Every structure is written in structure tokens, then in C-alpha cells.
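For reference, the structure is listed below as C-alpha cells.
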Amino acid sequence: MTRVIVVGAGVVGLACAVRLLESGHRVDVLARDLPLETTSSVAAAFWYPYRAFPQERVTAWAATAYAEFVGLAGEEHSGVRMVTGTEYLHRRQPDPWWISAVPSLARESALPDGYADGWSFTTPIIEMPIYLGWLIERIEALGGTITRLNLSALPTGSCPVVNCAGLGARFLGSDKSVVPVSGQTVLVEQVGLARWSLDESGPTYVVPRSCDIVIGGTADEGEWNRTPSPEAARAILDRATRLVPALEGAKVLRHKVGLRPVRPAVRVERVGDVVHCYGHGGAGVTLSWGAADEVVRLLERD
């Protein structure tokens with residue numbers, strides 16, 4: 001049994017910890033922010049490859065994660081459900097580059113005014129507070145640990161390290177190519193909505209969960225501020241209500257802002273005893289299990 005330190009307790013770090021534990025390693029997760037304090041906890045978290053590159057690797061990781069979430073949707077208390085919805089497009093477009101990662105995708109003919117195209121498919125929706133709790137329980141049941149520790153650098157020593165620090169890799173790994181892209185969301189009461197909706201311009205998304213609806217959003221590159229903007233919230237609500245009129249008058253419950261760790265390309269590679277796994281942009285949940293499987297392969301390649 002090899003001891004492995006995973007740095008970072010967001011959804012990618014936790015998925016890597018689970019896969020490493022399942023492979024027989026002893027795993028200790030170290031992180032400044034505990035899971036429910038991370039950007040992952042803010043995510044609307046429906047499966048969709050967003051702001052993550054390169055396309056070929058992202059599609060493969062996303063397909064692996066999609067299949068994993070299908071299985072988890074049948075597991076009680078996982079927080080995962082399979083939900084059908086539609087992405088609306090302002091002009092006719094070819095099939096999305098990630099189409100091979102989903103079992104089926106159908107062109108939508110009934111479109112609201114202002115849209116020229118669209119496609120519908122079934123995708124996992126992950127309720128992050130529940131799902132992060134499920135991941136924590138899974139790690140603990142397998143004998144892993146999660147410890148709050150504010151590191152000034154990646155650990156060095158006799159055991160391998162998996163760097164899942166997300167935006168923190170900008171400092172821990174001296175990787176200035178990782179930049180924040182802030183995303184603001186508004187949580188409103190559940191008004192009986194059963195389908196998700198997406199208009200990538202904005203972006204504008206409406207993601208129904210069991211007790212609320214997550215609507216968004218913003219994509220402000222280089223913005224570190226995590227204080228919700230009232231002006232942005234009003235714009236989000238206006239766009240979302242135009243897309244889904246049933247939201248009109250829905251009670252606002254909370255406002256949240258998360259910082260997506262965006263990089264020109266997701267970094268999943270091994271350098272000596274360190275396996276880097278960060279820069280997943282707005283697709284951390286979407287790529288988590290596929291990236292985690294690759295981390296295990298890289299760690300065990302010798």
C-alpha cells in the first residue's frame with residue numbers, strides 16, 4: 001500500500017482520492033478549504049463540458065464521468081439525478097464537439113422566439129451539498145482522511161502527491177496560466193420545474209434541483225471578487241426568466257459566487273512524484289471521474 005497525498009478538497013480532488021483508495025492506496029487529502037467551502041460547492045453542477053480544453057481529452061474524460069454518474073443516479077443519497085433539458089442556440093450550428101460523450105442528442109424543433117436551433121439530451125444534475133457529503137463519506141469509509149491545512153507549497157518527501165489545488169495551483173505550482181473566471185448564481189425556490197435549460201450566451205442556465213433552482217450566470221475572466229453583485233443578479237434573473245417564463249416571481253433564496261480555475265489546457269500529467277490534475281475550468285464535475293481514472297494510471301505507470 002502506497003501513501004498518497006491529495007492536495008485540494010474540491011470535487012476533482014475528492015474523486016481522485018476515492019479512485020486511489022479503491023485502487024488500494026492510503027490517501028490523505030490536505031486542503032485550505034474543506035469540501036463545502038470550495039468552488040465546487042457553489043457549482044450548478046450539471047454535466048456539460050464548459051471552458052475546458054483540449055477537446056479530445058475533455059470528451060474522453062467527460063464520457064467516463066457521464067457513465068459514472070449514470071450509475072450514481074441509482075444510488076440513494078448520492079445527490080445525482082438524470083434530467084432532460086435543452087440548450088437553445090441563436091443560430092444554426094453543427095453538432096457539439098462533445099456529442100460522442102452522451103448516449104443520445106436530438107435536435108429541438110419547438111424553439112422559443114429568438115432562437116434558431118437547439119438540442120435536447122439527458123444529463124446528470126448533481127446537487128453539490130449532498131454529493132460532496134457523499135464523497136466525504138465514501139473517502140472515510142475507505143480509510144482516507146481529509147484535513148484542513150493551509151500549504152505554502154506542494155508537500156515533498158517520500159510519498160507521491162496529487163495536485164488538485166484548482167485555482168490554488170497558481171500559487172502552489174507557480175502556474176500563472178491558471179486564472180479565475182468568476183461565476184455568479186442565484187438560487188430561487190423550486191416552482192415545479194423539471195427540465196434544465198441553457199443558453200451559452202451570457203451564459204444563462206436554469207438547473208432544477210430537489211428543493212431549489214440554480215440560475216446563472218456570469219463568466220468574468222480575471223475577477224477574484226467573490227461578493228455577489230446586485231446588478232449581475234438582476235441581469236441573471238432577467239435573462240433566465242426570458243428563457244424560462246415559469247421563473248417569473250420565484251422567491252430568491254441565496255446569491256453565490258464561485259471562481260472557476262481556467263487554463264489554456266487542463267493539466268493532467270506526472271512530473272516526478274507529483275501528478276498534476278487541475279485547470280478544469282467550468283467542468284470540474286463533468287470531468288472529475290475521467291480525470292481521476294487517468295491520475296491513477298499515471299501514478300501506477302511504473
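Just so you know, all these numbers are worked out from the coordinates, no wet-lab data involved. Model, not experiment: these values are computed from the prediction. Positions of Cβ are generated from backbone atoms using ideal geometry, with glycine treated the same way; all protein chains shown enter the neighbour counts.
Our summary gives the range 3-299 a relative contact order of 27 percent, counting only alpha carbon pairs under 8 angstrom and 6 or more residues apart.
Quick check: the distance between the Cα centres of the range 270-302 and the range 189-253, to the nearest angstrom? Their Cα centres are 31 Å away from one another.
Relative to one another, the C-alpha centroids of the range 18-78 and the range 84-104 are positioned 22 Å apart. Backbone phi angles across the range 85-90, fed through the Karplus curve with coefficients 6.51, -1.76 and 1.60 (θ = phi - 60°), yield HN-Hα couplings of x, 9, 9, 9, 10, 7 Hz in residue order; Gly and Pro are listed as x.
Relative to the Cα centre, what is the charge dipole magnitude of the chain, using +1 at the beta carbon of each Lys and Arg, -1 at the beta carbon of each Asp and Glu, and rounding to the nearest 20 debye?
On the way: 29 positive and 33 negative charges, 87 e Å.
Magnitude of the dipole: close to 420 debye.
The Cβ shell under 12 Å around LYS251 holds other residues with a net charge of -2, Lys and Arg each +1, Asp and Glu each -1.
Show that you can apply the helix-only estimate: for the chain, add -39,500 (n - 2.57) for every DSSP H stretch of four or more residues, divide by all residues, and state [θ] at 222 nm to the nearest 500.
Computed ellipticity for the chain at 222 nm equals -8500 deg cm²/dmol.
Springs between Cα atoms under 10 Å define the GNM used for the chain, and in it the highest mean-square fluctuation of LEU111, LEU247, LEU198 occurs at LEU111. Secondary structure note: in the chain, about 70% of the DSSP beta bridges are antiparallel.
Counted by Cβ distance under 13 Å from GLY118, the other residues give a net charge of -3, where Lys and Arg count +1 and Asp and Glu count -1.
If we count other beta carbons within 10 Å of each Cβ, what is the order of THR2, THR156, THR39, THR59, fewest first?
In order of increasing Cβ crowding within 10 Å: THR156, THR2, THR59, THR39.
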